[in-house]
Amino acid sequence: MAKIGIIGGTFDPIHFGHLLIAELARDSLNLERVLFVPAGDPPHKQAAKKTAAHHRCRIVELAIEDNPTFELSRVDLDRPGPHYSTDTVALIRSQFDLAADDCHFIIGSDSLADLLSWHQPADLIQSCRLTVAHRPDYQPDVSALAEKLPGLAARLDWVEILLVEYSSSMIRRRIKTGQSVRYQTPSNVIDYLYQHQLYR
């Protein structure tokens, strides 16, 4: 049975941190493919202004075009919101006929720490495995989380990541102030951002 990873985000813009986490998860868990799911209407970021979806999709396509195991999924963009992770996972499992243990939802350790604030977190951990990008300098309290979410620890896979800081907000800020974003996101993405005057 094929195993598939899911990495969601606003990808505004996508950066090497997203790509590195996806590749490390793919490699360490032997995933057949990783789906990049640009956020449509994430409930926790409704107040934030997002770049138009067609630009964010194109940026993702450019960033992943040289990796045949990476794919863009529009599952959250082609349906009305709000969009919850439980729904996204259910739709992708149905689309690919995946068992819960073959569906890997990739998140950062900071997202794991906030899991109790998510919509139906108990349902989420039963519907997929959580693949956590673990930074050596940050350790969420899994025991405390597991007290409220029984069975959580058994649903986690850990992927060690390098201590390199990338953030979409930093890239937006640097472009706005005329600073270089080289080596923070793929060069074809940078070309697209400048061509379309994004974040200026």
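Observations on the model:
- Residues that are under 22 Å from Tyr192 (Cβ atoms) and either modelled with pLDDT of 95 or more or touching an Asp or Glu at 6+ places or on another chain (Cβ under 8 Å) (or both) within region 26-52 comprise Val34, Leu35, Phe36, Val37, Pro38, Ala39, Gly40, Lys50, Thr51, listed in sequence order.
- Annotation note: of Leu98, Leu77, the sole residue that is assigned to a loop (DSSP other than H, G, I, E, B), in contact with a strand residue (DSSP E or B) (Cβ under 9 Å, 6 or more places away or on another chain), among the hydrophobic types (A, V, I, L, M, F, W, C) and touching a residue at least 60 places away in the same chain (Cβ under 8 Å) is Leu98.
- Against the list (1) out of contact with any Pro (no Cβ under 6 Å at 6 or more places or on another chain); (2) crowded, with 19+ Cβ neighbours inside 10 Å, the condition Leu112 fails is (1).
- When Leu112, Leu91 are checked against the criterion of being farther than 21 Å from Ile21 by Cα, of a type in the set (A, V, I, L, M, F, W, C) and part of a helix (DSSP H, G or I), Leu91 stands alone in meeting it.
- Restricting region 152-166 to residues that are at pLDDT below 95 and out of contact with any His (no Cβ under 7 Å at 6 or more places or on another chain), the residue that is nearest to Ala99 (Cα to Cα): Leu162
- Residue pairs whose Cβ atoms lie under 7 Å apart, sitting 6 or more positions apart in sequence or on different chains, and linking a residue in region 168-179 that is farther than 12 Å from Ile190 by Cβ to a partner that is assigned to a helix (DSSP H, G or I), do not occur here.
- Residue match in region 148-163 (condition: under 28 Å from Lys49 (Cα atoms) and crowded, with 17+ Cβ neighbours inside 10 Å): no
- When residues of region 154-184 are limited to those that are touching a strand residue (DSSP E or B) at 6+ places or on another chain (Cβ under 6 Å) and not in a strand (DSSP E or B), the one nearest to Thr10 (Cα to Cα): Ile161
- Those residues of region 67-93 which are surrounded by fewer than 17 Cβ atoms within 10 Å (Cβ to Cβ) and modelled with pLDDT under 95, in sequence order: Asp78, Arg79, Pro80, Gly81, Pro82
- Single residue of region 126-149 satisfying the filter (under 16 Å from the mean Cα position of the chain (by Cα) and at pLDDT 95 or above) that is farthest from Lys3 (Cα to Cα): Val132
- Close pairs from region 125-147: first assigned to a loop (DSSP other than H, G, I, E, B), partner of a type in the set (A, V, I, L, M), Cβ under 7 Å, at least 6 apart: Cys128/Val89; Cys128/Ala100; Arg135/Ile161; Arg135/Leu163; Pro136/Leu163; Asp137/Leu163; Pro140/Leu112; Pro140/Ala113
The values are calculated or read from the model by the stated rules, or taken from the named source; none is laboratory data. All of these numbers come straight from a predicted model, not from anything done at the bench. Please note: Cβ atoms are built from the backbone with ideal geometry, for glycine as well, and neighbour counts cover all protein chains shown.
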